[in-house]
Amino acid sequence: MELQAVLMAAGGGSRMMELTYNTHKPLLPVGNKPLIWYPLNLLERVGFEEVIIITTKDVQKMLTPDRLKLDGKMKLDVVCIQLEGEMGTADALRHVQQKIKTDVLVLSCDLITDVALHEVVDLFRAHNASMAMLMSKLHEFTETVPGQKGKKKAGEQRDFVGVDATGQRLLFMANEADLEDGLTIRKSIMCKHPSMRIRTGLLDAHLYCLKRCVVDFLVENKNISSIRGELIPYLVRKQFSKSVNLPNNKDEVEMSQKMEGQTNLEILGSCKDEELLRLTQERSCWNDHHGDMSEAYHGGKVRCYVHIMEDGVCYRVNTLAAYIEANRMAPKLIEDPPIHPSAVISECTQVGADSIIGASCQISDKTSIKRSTVGASSTVREKVKITNSILMNGVTVEEGCNIQGSVICSNAVIGRNADIKYCLVGSSQRIEPDARHLDSNLSINDSALGSLKMSRDWPA
Amino acid sequence: MADADETSKQAERNTNVGDGIAVKKQDIARAKNEGKELTKDEKQRLRKEKKQQKKNKKDDKGESEHENVPLPPSQAVVQCQSQKAPSVAPSLALTPVSVCTSEKPAKSKAEQRAERRARQEADRAAKGKKGESAQQPPSGKSKAPPNELQPVVKRLPEHVQVDDPAAVRKLAKKLERQQIPVRSEYGYKVSLFSHLHQYSRKAPLTQQISIPSTVIHPYIVRLGLQYSQGIVAGSNARSIALLHAFQKVIQDYKTPPNEELSRDLVNKLKPYISYLNQCRPLSASMGNAIKYVKKEISNIPCLCKEEEAKKQLLSCIDNYIKEKITLAATTISAYAIEKISNGDVILVYGCSSLVNHILCDAFDKKRKFSVIVVDSRPRLEGREALRRLVKKGICCTYVLISAVSYILPEVSKVFLGAHALLANGYVMSRVGTSQIALVAKAYNVPVLVCCETYKFCERVQTDSFVSNELGNQYT
């Protein structure tokens, strides 16, 4: 077997608590499908037959095939972890280490993309890379985010990504938060790759192909707890660190271990490198760079590659703005008809072509639904205008309401003649009739929100 | 009557060159007819006479056997001449070159043929012209040769006949049966190379394979990618990589319940070989390696246990690499080093692993020589050869192939590597090698071709158009 897929679905969605305090992030409806459907669909389309899903107990109950509406016969192997202990993604991978027998493809449940996955995997295969990842051009979100009360969220820290002249080899990766007094690049990197492009407008898709020996390395080094935060920068740095000469006897191995405090990745990796591969590289007349005297890949054993998507859909649904944008883009990715066949829509309604109506909905007369998503089992009464909004499952909207640019979570009830603009209505909330709300967050209040913050670095 | 013209022209050329034997034979032939000295007018008359005789002969006898042999090559020549050369020619990967200075034997064959024909026609003319019926329409002649061609020309291998839809369909069906994706071709094809594959570079083959590839072993998918991207290039490297991948396949192989390892494993390998062929056409060395592995697998006794059989196969493959590649390189370099004397200036072309090995060995044995590396686009492999030699400490000069005639006066020997050695003695190598050899011949510089025996193949190719690998026209 070549690759095993591991889907990380235990994150709490700490950056969009307004949505996730009641609904778990993997089950948030996007385009009337649970969020976790998108990466599973991507894996299935490409040809995976088995996926290991790491998630919490509550989510596991919901992950039955019919609820997930998966067409194919992909086998889901759901592994539960306790959320009380603060587990990072690397810890979770260590948890399932027994099941991993080959190279692994790690992705997070909030990735919505239509990338041609073979591009990432081809880099991984062709160059025998230790790690290959996917990045995409960052799209600015243009929709107004509801419930912000005019406050501007602090700009997210940028990622500085350095790639070589071909645009595929990853040379440098750091987050703005880690660079206190400027960007420093090691001289050894500049000597080996004199031409480097540093890009900041990139979104990390959290899709990684990792070699088996990297997983083994994780097992040995228990102090790495986050893949994105610690393992990937470590691998990128390790490409250029001075290579350790392979120790010949046990004493040297122990000594080098004591010196470094952790098992050398190269020792684990290079055991796999065989005599014939070395012979092949010796006889082959190919080199990945020209102009200096070193052999292909500068003799380095650790290699990290990145595939940067220039166009195409790639979103990580970890903020409210991303969630709204994803809902807009969802119709392009789903092949199902936008209006579910079991929805009951009366004749005098206007449903725009870019709206999605979920299953078993009831839309009454004289309503107008434009650029919106209406969740399953929702009821919309007469003379309602819904524009640019997202209604989750089980929402009831009484007559005469006007909903604009808002997000209404599941099982909420909007009273008659309510006027809701750019608001966020929480789960199971009741909006009184004739209420006027503009740009407010109508869910549980913020202090309660703060106490629900989840573990630190889940793909959030 | 082009072929008659051809042969007579050849006869002329031969006589003009002044090969004594040829002149004598021609004289004898003509003496039988006319008993006169050769002059220009005589030659013209002779030609016209031959034409007339040919037409009469057609009426008399129709197809005669001895015509078959000389016809196909001249027919082929006519066809080639009638095609227009395209303005953008895709680069050829390989070109055959005749080893050493072998022009003399080739000439004498052609002139012998010409003499034979002249003699036979003279005989027939002497017999008398009976029953001169009207000329057969020229279409009769053009129809006849294709019929004659068929019993003589054997079936060409599949990869050569892309402009034949039946062959293409057959290949597609075979690949479909083996569940291997078919590589898509370019929309616009250059007519001169319409019989060769012109693959589109936009759609890689891996797009059609499922990502954790189940039909094709992951190592083979990786190998195919490395071949098509040029990461593993060079005859020896490709063979070693192929055998390494086969070792992995054999290690992971499990005999199905009712099958025998000796038969089933061979069947398992066939789709992998088709896949690799799709990624990049197999080289002669790879073909020989595959034949060897298949033979070894078939020779496994049926009572052998699976573990033992696998171990035996793995050690066979190791032995093959050790003997045919590593030890052969050592032996060849031992012979070649004797040819290198102190103060030599050696010219090498491109990056041949064997030639590099020889030069490095010679340097280790304290020979004093310098090297001129000749390079050519688009691959510019000479840079890699240059790097390796300079790293060793050898004094090198680097030129492009356009400068080869300027640099040759300084060269004392030329060392060339080979991709394959054909059964008629032709050497198949990187495009540009024949150019180097011809220029070297013009300057009287000895050319040495180094080739391991496992690259010898039974194919025969007379030129580089018949079967070749096309490169990317946009690099």
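Read the figures in this text as sums done on the coordinates, not as results from a lab. Source: prediction; values computed, not measured. With ideal geometry, Cβ positions are generated from the backbone for all residues, glycine too; neighbour counts draw on all protein chains shown.
The calculated FRET efficiency for the pair B:Thr462 and A:Glu49, based on their C-beta separation and a Förster distance of 41 Å, comes to about 0.20.
Near A:Leu442, the amide H atoms lying under 5 Å from its own belong to A:Leu424, A:Val425, A:Gly426; only residues 5 or more places off or on other chains count, and H is placed 1.01 Å from N. By DSSP, the beta bridges lying fully in segment A:1-144 are antiparallel in about 10 percent of cases.
Projecting label points 7 angstrom from Cα along Cα→Cβ for A:Glu176 and A:Met1 puts them 4.1 nm apart.
Only Cα pairs under 8 Å and 6+ residues apart enter the sum, and on that basis the relative contact order of segment A:290-380 stands at 19 percent. With a simple spin-label model that places each label point 7 Å from the Cα along the Cα-to-Cβ direction, the separation between A:Met62 and B:Arg113 comes to 8.1 nm. Remark on A:Val78: its backbone amide H falls under 5 Å from those of A:Ile53, a criterion applied only to residues 5 or more positions apart or on other chains, H modelled at 1.01 Å from N. Residue order for B:Glu452, A:Glu119, fewest other beta carbons within 10 angstrom first, comes to A:Glu119, B:Glu452. Given B:Lys248/B:Lys268; B:Lys291/B:Lys324; A:Lys192/B:Lys202; B:Lys268/B:Lys310; A:Lys99/A:Lys301; A:Lys25/A:Lys99, which pairs have Cα atoms separated by over 19 Å? With Cα atoms farther than 19 Å apart: A:Lys192/B:Lys202; A:Lys99/A:Lys301; A:Lys25/A:Lys99. Let a ≥ b ≥ c be the square roots of the eigenvalues of the Cα gyration tensor of segment B:400-475; is it rounded (a/c under 1.5), or, if not, prolate (a/b larger than b/c) or oblate? The shape class here is oblate.
Legend: mean number of C-beta atoms from other chains within 10 angstrom of residue C-beta atoms, peptide B:195-207, equals 1. Placing unit charges on each Cβ (+1 for Lys and Arg, -1 for Asp and Glu) gives segment B:253-316 a dipole about its Cα centre, and among B:Ser283, B:Asn267, B:Gln312 the Cα reaching farthest toward its positive end belongs to B:Ser283. Take each peptide in B:280-292, B:44-56, count the other Cβ atoms within 10 Å of every residue, and average; sorted highest first, the result is B:280-292, B:44-56. FRET efficiency for the pair B:Val215 and A:Thr166, taken as 1/(1 + (r/R0)^6) with r the Cβ-Cβ distance and R0 = 30 Å, rounds to 0.50. A straight chain from A:Arg186 to A:Glu432 at 0.36 nm per residue would run longer than the Cα-Cα distance by 82.4 nm. Cα centroids of segment B:182-214 and segment A:326-374: 42 Å apart. For B:Leu225, the shell of other residues with beta-carbons less than 14 Å away shows a net charge of +3, using +1 for Lys and Arg and -1 for Asp and Glu. With K and R counted +1 and D and E -1, the other residues having a Cβ less than 13 Å from that of A:Pro433 yield a net charge of -1.
Net charge in the neighbourhood of B:Ser213 (other residues with Cβ under 11 Å of its Cβ; Lys, Arg +1, Asp, Glu -1) is +1. Peptide B:209-217 has a mean shielding of 6, counted as Cβ atoms of other protein chains within 10 Å of each residue's Cβ. Averaging the Cα positions of each part gives two centres, and for segment B:396-431 and segment B:229-297 these lie 31 Å apart. Packing around the peptides B:162-170, A:394-402, taken as the average count of other Cβ atoms within 10 Å per residue, puts them in this order, highest first: A:394-402, B:162-170.
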